[in-house]
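Peer 1: Have a look at this one.
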Amino acid sequence: MKKILLICLCIFAIGETAKTQNQVFWGLTPYGGQYSGGTIFTINNNGTGFNVVHNFQSPAGYTPYGSLMQAGNGKLYGTCFNGGSFASCTIFRFDPSTNTYTDVYDFDITHGDFPMSGLVEASNGKLYGAASFGGLSFSGVIYSLDPVTNIYTDEFDLDGATGSMPYGSPILINDVLYGLTTSGGVNMDGVLYSYDISTDTYTDLYDFDLPSGSNPQGSLIRLSNGKFYGLAANGGTNGNGVIFSFDPVTLMYSSLFSFSVSNGSTPLGSLFEANNGLLYGTASSGGSGNYGALFSFNPANNAFVKLVDFNLANGASPSGELRQGSNGLLYGSTQSGGATGSGNMYSYDIITSTLTSLFDFNFATGYGSTGGFSVITTTGIETANTAGNSITFYPNPISDNVSINLETGNAHKAEINIIDATGKLMYSHTENNLSPFYRKTIDMSKFENGIYFLECILDGDKTITKLTKQ
């Protein structure tokens, strides 16, 4: 067996130490910018260094919703609500190393229309997403895009009875997509669905209703207890939305907390699990001034705490997703309010309970942010070639996830291990039937900061990569 020790140079454009680093975030705005069609921007985690790297415009796509994602090829992908040949939105690609924008696919209504969220990458190398309208019944579709050939496939057409109008991004677990629709289903209040990409099987797992929570508009998250957690924008005891859980094994749905006007109402985004084990999210309205609220939720005891009342001066109408930076702070954005009335970027310190307004959007920068901030690797993606196989690892240092991309022309079996500095095996996965382009993302957000070794064994040929978690 051959051993290769790779010291990857992939970086997040961060500073010299974990405590003083300036982490760079990437984000989208659906409005404003040079052509009034929204922007792609970068910004430091302290609110400095804002830079517009792309101005959206017709016909190549404009009004982007959701968040950017980085595929295994290093390129960024997202969707636009407007633009394209049929004036019915686009999937775009953006190269962060050259700032090159490409309109990859124009929706045609028949096979999907009006995507409201981003994409997720599967182990087969394809990108998957949901369009909120279009398809055979004009109720939305689940689709895939091959980033190598740019071939778009309408995978499944929603028909109302199975759900309609999916707004949030699906999440992928073991080649099964799990997602939410805003309406449709038995009660016309939305559904929680699964779609097995290996068998093309769609399943309506749960039908939302008004008493228990209805009309979810965000995405699901899965915790270590195996349950999914999410937000329903309406319904519940007070009619202002709920926090819910769903067990995919028992198919048990539980309404865990009902929002009210005083503690926040109409949560339009998604929950986020921080490194302290608590879930965090925002309500788009309600609170003391009816401008929205930021809250925490403890899944261990279902304890809800309203943390911040947005008051227009510090932002208003938050609807996007929160992210946690490498410094431990939470980051989010609002659609309006702030110094300019166009929304802002803020941070929240979960230790000191302090909200800080970091940057005020305006027409030139773009405004109305509805997605989450993304951490993108722009340099230093390294590839090892061994026994006819190409193995790519990124990023390094790691904040949350490490991605492994295998081009396995000759290999049939892969074993992927993560080992800590003491030699303890922290993670192991074996894939017995490799596809020619295999993708694997490993969640390291719960790992302690320090040095790890990522070991990849392809048909007995071993590659070891040194990783830094910080």
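Peer 1: With the Cα gyration tensor of the range 110-229 giving a ≥ b ≥ c as the square roots of its eigenvalues, does the rule (a/c under 1.5 for rounded; else a/b larger than b/c for prolate; else oblate) give rounded, prolate or oblate?
Peer 2: Working: a/c = 1.94, a/b = 1.24, b/c = 1.56.
Judged from the Cα gyration tensor, the range 110-229 comes out oblate (a/c at least 1.5, b/c at or above a/b).
Peer 1: Hey, rough spin-label estimate for T201 and I464, points 7 angstrom out along Cα→Cβ, what's it come to in nanometres?
Peer 2: Once both label points are built, they end up 4.1 nm from each other.
Peer 1: Right, next: Each label point is 7 Å from the Cα along the Cα-to-Cβ direction; what then is the distance between the points at S224 and N298, in nm?
Peer 2: About 1.6 nm separates the two model spin labels.
Peer 1: How long, wide and thick is the range 422-470, going by the Cα atoms along their three principal axes, in whole angstroms, largest first?
Peer 2: Computed over the range 422-470, the largest-to-smallest principal extents equal 33, 20, 14 Å.
Peer 1: Another question, if that's okay. The range 189-267: which chymotrypsin sites (Phe, Trp or Tyr not before Pro) are DSSP loop and have at most 11 other beta-carbon atoms within 10 angstrom? Could the numbers behind the result be given before it?
Peer 2: Details: sites: Y193, Y195, Y202, Y206, F208, F228, Y229, F244, F246, Y253, F257, F259; in loops: F208, F259.
Sparse-neighbourhood loop chymotrypsin sites (Phe, Trp or Tyr not before Pro): none present.
Peer 1: Shifting gears a bit: Less than 13 Å Cβ to Cβ from T79, Lys/Arg counted +1 and Asp/Glu -1: what total charge do the surrounding residues give? Can you show the working numbers first?
Peer 2: Details: positive: R93; negative: D103, D106, D113.
Result for the local shell: -2.
Peer 1: Rounded to the nearest whole Å³, what is the per residue volume of the convex hull around the Cα atoms of the chain? Show your work: numbers first, answer last.
Peer 2: Details: hull volume 62.9 nm³, N = 470.
With only Cα atoms used, the chain gives 134 Å³ per residue.
Peer 1: Let me ask something else about it. First select every other residue whose beta carbon is under 15 angstrom from the beta carbon of F246; then total the charges, Lys and Arg +1, Asp and Glu -1.
Peer 2: On the way: positive: R222, K227; negative: D189, D204, D207, D209, D247.
For residues surrounding F246, the net value is -3.
Peer 1: Shape verdict for the range 265-337, please, from the Cα gyration tensor: rounded (a/c under 1.5), prolate (a/b greater than b/c) or oblate. Can you show the working numbers first?
Peer 2: Numbers: a/c = 2.05, a/b = 1.39, b/c = 1.48.
Oblate, because a/c is 1.5 or more while a/b does not exceed b/c.
Peer 1: Starting from the Cα of S262, move 7 Å in the Cα-to-Cβ direction to define the label point; list residues of the range 289-307 whose amide nitrogen is under 15 Å from there.
Peer 2: Once the point is set 7 Å along Cα→Cβ of S262, 289-290, 304-307 turn out to lie under 15 Å by backbone N, inside the range 289-307.
Peer 1: Let me ask something else. Greater than 27 Å separation of Cα atoms is the criterion. Which listed pairs, K306/K469; K306/K446; K75/K469, meet it? Each step should come with its number before you reach the end.
Peer 2: Working: K306/K469 31 Å; K306/K446 25 Å; K75/K469 23 Å.
Cα-Cα > 27 Å for K306/K469; rest within.
Peer 1: Please label the shape of the range 77-131 as rounded, prolate or oblate, based on the square roots a ≥ b ≥ c of the eigenvalues of the alpha-carbon gyration tensor (a/c under 1.5 means rounded; beyond that, a/b larger than b/c means prolate, else oblate). Let's see the in-between values first.
Peer 2: Working: a/c = 2.19, a/b = 1.20, b/c = 1.82.
Here the range 77-131 falls in the oblate category.
Peer 1: How big, on average over all directions, is the shadow cast by the Cα convex hull of the range 34-184, in nm²?
Peer 2: 9.3
Peer 1: What is the local net charge at S285, summed over the other residues whose Cβ is closer than 14 Å to its Cβ (Lys, Arg +1; Asp, Glu -1)?
Peer 2: Working: positive: K306; negative: D309.
Residues near S285 contribute 0 overall.
Only the coordinates and a few stated rules stand behind these numbers; no lab work does. Quick caveat: nothing in here was measured; it's all calculated off a predicted structure. Positions of Cβ are backbone-derived with ideal geometry, glycine not excepted, and every protein chain shown enters the neighbour counts.
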